[in-house]
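See structure below.
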Amino acid sequence: MLKARLLTALSLIAGFLMVVFLLPPSVGAILFAVATGLAAWEWAGLLAGGPVVRIAFATLVIASCAFFAFASGSITTPTLWVLAVTFWLIVPFLLKSGWRPGVLGYPVGWLLLVPTWAAIVDLIQRSPLLLLLVMSAVWIADSAAYFTGRAFGKHKLAPSISPGKTWEGAVGGLLGVVLYGLLVNVAYPQVIAGSGYWLVGFLVLLTAFSIIGDLFESMLKRQANMKDSSQLLPGHGGILDRVDSQLSVLPLVALTLYWTGT
């Protein structure tokens with residue numbers, strides 16, 4: 001089992017790096033649109049959608065990606081990012097209330113998946129390294145929070161949603177991201193702009209969005225009585241399980257870069 005998990009992880013990493021760094025951006029946009037469609041299929045499953053509904057929703061999401069890539073003539077879709085970031089700002093209130101999406105889950109899923117795809121493509125066009133660095137920040141937040149929580153965690157962050165997460169872990173994740181961001185800023189100033197309080201403040205916001213994204217998917221899985229969003233990735237669950245925090249972070253980063261003209 002461990003060998004299968006490791007093989008899957010290495011395959012995913014190698015495939016991701018190849019798509020981002022070696023293939024033309026247009027090909028990458030198509031491949032990421034397909035992955036987004038698979039995530040949409042999983043999302044519909046979390047909402048208890050049947051086979052036809054799941055396929056239909058996946059098709060709608062992929063078609064939407066195609067529209068924004070080709071029909072609109074531009075991948076840069078700041079309106080999508082504004083809507084997505086606005087939704088994530090109200091998610092803490094939804095988590096606290098135990099909100100059940102019901103039929104609204106489908107437009108919400110569209111709102112989270114399509115802007116994330118647009119953000120991925122936009123960041124690749126800016127710099128493939130930029131996309132990798134941003135996504136790595138989320139991975140560091142998750143890892144630092146996990147190990148800090150195991151070592152020092154005592155106060156539950158959201159016990160009714162994700163009993164394993166603690167406030168101590170969240171602080172550890174925050175410190176890990178801030179340290180990472182400052183080091184990246186020094187090592188790659190041509191890729192990551194900003195300094196001082198502005199940079200630290202943004203890293204804090206990024207970490208908060210990462211945690212919120214993780215908790216939101218955890219809430220949906222708990223409501224659906226599912227451990228994983230699917231079994232598309234052997235030993236690692238589904239696509240949504242791997243990108244839950246990216247759904248909240250990537251649109252935030254893309255919108256910030258757009259607004260600051262970076």
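Values as computed for the structure displayed
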| item | result |
| --- | --- |
| Residue within the stretch 47-70 that is of a type outside the set (D, E, K, R), touching a residue at least 60 places away in the same chain (Cβ under 8 Å) and in a helix (DSSP H, G or I) present | no |
| Filter result for Asp122 (touching a helix residue (DSSP H, G or I) at 6+ places or on another chain (Cβ under 9 Å) and within 12 Å of Leu250 (Cβ to Cβ)) | yes |
| Residues that are more than 25 Å from Ala224 (Cα to Cα) and at pLDDT below 95, drawn from the stretch 148-176 | Gly149, Arg150, Ala151, Phe152, Gly153, Lys154, His155 |
| Residues being within 23 Å of Leu157 (Cα to Cα), within 17 Å of the chain's Cα centre (by Cα) and of a type in the set (Phe, Trp, Tyr) - total across the stretch 71-130 | 2 |
| Residues located in the stretch 233-258, provided they are more than 8 Å from the chain's Cα centre (by Cα) and acidic (Asp, Glu) | Asp241 |
| Among residues of the stretch 26-66, those that are among the acidic types (Asp, Glu) and surrounded by fewer than 18 Cβ atoms within 10 Å (Cβ to Cβ), counted | 0 |
| Residue in the stretch 236-258 that is in contact (Cβ under 8 Å) with a residue 24 or more places away in the chain, buried (at least 16 other Cβ atoms within 10 Å of the Cβ), among the β-branched types (Val, Ile, Thr) and farther than 19 Å from Pro128 by Cβ present | yes |
| Per-region count, the stretch 200-231, residues crowded, with 20+ Cβ neighbours inside 10 Å, under 19 Å from Gly102 (Cα atoms) and among the charged types (D, E, K, R) | 2 |
| Flag if Lys154 is loosely packed, with under 14 Cβ neighbours inside 10 Å and either in contact (Cβ under 8 Å) with a residue 40 or more places away in the chain or not aliphatic (A, V, I, L, M) (or both) | yes |
| Residue that is nearest to Ile62 (Cα to Cα), among those in the stretch 91-144 that are in contact (Cβ under 8 Å) with a residue 24 or more places away in the chain and hydroxyl-bearing (Ser, Thr, Tyr) | Thr116 |
| One residue from Ala48, Ala9 being at pLDDT below 95 and under 30 Å from Pro101 (Cα atoms) | Ala48 |
| Cross-chain or 6+ apart pairs with Cβ under 8 Å, the stretch 168-191 first and free of Cβ contacts under 8 Å to residues at least 24 places away in the same chain and assigned to a helix (DSSP H, G or I), then surrounded by 14 or more Cβ atoms within 10 Å (Cβ to Cβ) and among the polar types (S, T, N, Q) | Glu168/Thr148; Val171/Thr148 |
| Scope the stretch 206-262; condition within 20 Å of Val177 (Cβ to Cβ), polar (S, T, N, Q) and either outside any loop (DSSP other than H, G, I, E, B) or modelled with pLDDT of 95 or more (or both); matching residues | Thr207, Ser210, Ser218, Ser245, Gln246, Ser248, Thr256, Thr260 |
| Subset of the stretch 112-156 (residues that are under 12 Å from Ala170 (Cβ atoms) and among the charged types (D, E, K, R)) | Asp142, Lys156 |
| Identity of the residue in the stretch 71-90, of a type outside the set (Val, Ile, Thr) and without any contact (Cβ under 8 Å) to a residue 60 or more places away in the chain, that ends up nearest to Pro25 (Cα to Cα) | Ser74 |
| Unmet criterion (only one of (1) part of a helix (DSSP H, G or I); (2) surrounded by 15 or more Cβ atoms within 10 Å (Cβ to Cβ)) for Trp99 | (1) |
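The values are calculated or read from the model by the stated rules, or taken from the named source; none is laboratory data. Quantities reported herein were computed from a predicted structural model and do not represent experimental measurements. Every residue, glycine as well, gets a Cβ built from its backbone with ideal geometry; the counts of neighbours run over all protein chains shown.
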